[in-house]
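The values are calculated or read from the model by the stated rules, or taken from the named source; none is laboratory data. As the structure is a prediction and not an experimental result, all values here were calculated from the model. Note: ideal-geometry Cβ built from the backbone for every residue, glycine included; neighbour counts use all protein chains shown. With ligands, DNA and RNA removed, areas are computed over all heavy atoms of the protein, side chains included. Shrake-Rupley method; radii C 1.70, N 1.55, O 1.52, S 1.80 Å.
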Amino acid sequence: MTFLAHPRTALVLLGVLFALSRAAPTDVFSPSSTIACPRIPSIVRVNTTLLAFAEGRHESCSDGSPKSLIVSRSTDAGSTWSEPEILVGDSKIIIGNPMPLVTSSGDVLVQYITASGSAVGDANYMIRSTDGGNTFSAPVDISSFLGDFVGIMPGPSSAVELSSGRLLFAGHYGPYQFDLTWWSDDDGLTWTISDDKLEGMDEVAVVELQDGRLMLNMRTNHLDPCNCRAVAISSDGGETFPEITYDPALIEPVCQGSIVSVNDALYFSNPNSTSARVDITVKKSVDDGATWSDGELIWADAGPGYSGLVGGGVSETQGGIVFERSDDRGDVISFALYQL
Ligand SMILES: *[C@@H]1O[C@H](CO)[C@@H](O)[C@H](O)[C@H]1NC(C)=O
Ligand SMILES: *[C@@H]1O[C@H](CO)[C@@H](O)[C@H](O)[C@H]1NC(C)=O
């Protein structure tokens, strides 16, 4: 009765509760009749369009399932997403590890591998969009540039254009063998691969720091007692990495992670746990990764745990994250906003 007697108070209360509760994440990719299992998400922005990429695993969630490169687009800051489109693949071959990059000219490049199993790929390819991600070129085989390291598995997360204009990708060669970078100084026509192996490393995220140095942030198989992410810094545009260190603030359960730079800060996402793929969290650093915030919890429940970050421009105060979770449909890739 008190409630009915004060409808205005009740409405105000409801409004406050709504504002306090986190907006439910939006589905980007979910299981369908053609794609049993979407996995390995990444996200970039071109002007006001968000582009989410993933592997569309046709038969099962297994790494070795036939899989295609899929994309979904949002033009309303992630509120709604288009029907997934297969960019490359025919539901028989294995296409893996999409790693997108938006260049300063607005082109969207996506590199990926073709494979016959789940370890090292057979070849490396790239597609390019010059119309904001609406359409993409036919695949270009870039394997010949990668020498002994053909099949190196990009990211997964997004690649970077350095302030020098260099386009830089990073990847891992086989499980926990080594990571390498490769780059183009001619807008993606030709590529050069490093021979400075980061031994024992696996999936890798890459970001340019405020002072122009380059950071790799890497998954390991708990190589260090901190059970945390491995970090390597390059002062020569990503060509050499003098040492690998470990960042105890960035704990991990052995999983992929993502990192981006927005204005004067870095943002890092992964499952915030040393033992389980739970608690996908976005942490912030305002000192080039020397220290990190406790972070913002995005999704607590257990799931496959991979994520991809996009920085500014989603809104003034928010960035976007695509992340893997599980529900009664199977594995789902969702989108949520995080605070900058
Ligand atoms: C992005 O916006 C700029 C400035 O309005 C415009 O020149 C450019 O064509 C846009 N790019 C795409 C891919 O739509
Ligand atoms: C992340 O994990 C650490 C260590 O358990 C914890 O102190 C911190 O509060 C966690 N962050 C969030 C946002 O829950």
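Tally up the residues in region 47-75 that are within 16 Å of ligand 1 (Cβ to nearest atom) and either open to solvent by 10 Å² or more (accessible area, probe 1.4 Å) or within 16 Å of the chain's Cα centre (by Cα) (or both), please.
We begin by selecting, within region 47-75, every residue within 16 Å of ligand 1 (Cβ to nearest atom); these are 47-51, 71, 73-75.
From what's left, either open to solvent by 10 Å² or more (accessible area, probe 1.4 Å) or within 16 Å of the chain's Cα centre (by Cα) (or both): 47-51, 71, 73, 75.
Final tally of qualifying residues: 8.
The number of residues in region 251-281 that are among the charged types (D, E, K, R) and open to solvent by less than 10 Å² (accessible area, probe 1.4 Å) comes to 1.
Give me the strands (runs of 3 or more DSSP E) completely within region 54-122, filtered to those with at least 3 residues that are of a type outside the set (D, E, K, R) and modelled with pLDDT under 95, ordered by residue number.
Numbers: elements: 67-74, 85-88, 94-102, 108-115.
Here the list is empty.
Of the strands (runs of 3 or more DSSP E) lying entirely inside region 217-273, the ones with 1 or more residues being more than 21 Å from the chain's Cα centre (by Cα) are found at 244-251.
Can you pull out every residue in region 173-193 that is part of a strand (DSSP E or B) and open to solvent by less than 10 Å² (accessible area, probe 1.4 Å)? Before you say what the answer is, go through the steps one by one.
Initially, region 173-193 is screened for residues part of a strand (DSSP E or B), giving 173, 178-184, 192-193.
Answer for region 173-193, where residues must be part of a strand (DSSP E or B) and open to solvent by less than 10 Å² (accessible area, probe 1.4 Å): Asp179, Leu180, Thr181, Trp182, Ser184.
Of everything in region 282-300 that is of a type in the set (A, V, I, L, M) and surrounded by fewer than 20 Cβ atoms within 10 Å (Cβ to Cβ), the residue that is nearest to ligand 2 (Cβ to nearest atom) is Leu297. Scanning region 97-116 turns up no residue that is open to solvent by 20 Å² or more (accessible area, probe 1.4 Å) and closer than 15 Å to Val322 by Cα. In region 301-340, the residue that is least open to solvent (accessible area, probe 1.4 Å) out of those that are outside any strand (DSSP E or B) and of a type in the set (Val, Ile, Thr) is Val314. Restricting attention to region 237-250, the residues being open to solvent by 60 Å² or more (accessible area, probe 1.4 Å) and within 16 Å of ligand 2 (Cβ to nearest atom) number 2.
Being acidic (Asp, Glu) and in contact with an Asp or Glu (Cβ under 9 Å, 6 or more places away or on another chain) narrows it down to one of Asp90, Asp107, Asp122, so name that one.
Working: Asp90 fails: in contact with an Asp or Glu (Cβ under 9 Å, 6 or more places away or on another chain); Asp122 fails: in contact with an Asp or Glu (Cβ under 9 Å, 6 or more places away or on another chain).
Criteria check complete, one pass: Asp107.
Residues in region 161-171: is at least one within 22 Å of Leu101 (Cα to Cα), outside any strand (DSSP E or B) and touching a Lys or Arg at 6+ places or on another chain (Cβ under 8 Å)? No - not one qualifying residue is present in region 161-171. Within region 221-235, not a single residue is away from ligand 1 (no atom under 16 Å from the Cβ), modelled with pLDDT under 95 and not hydrophobic (A, V, I, L, M, F, W, C). When residues in region 121-155 are screened for being within 16 Å of ligand 1 (Cβ to nearest atom) and open to solvent by less than 40 Å² (accessible area, probe 1.4 Å), 4 of them pass.
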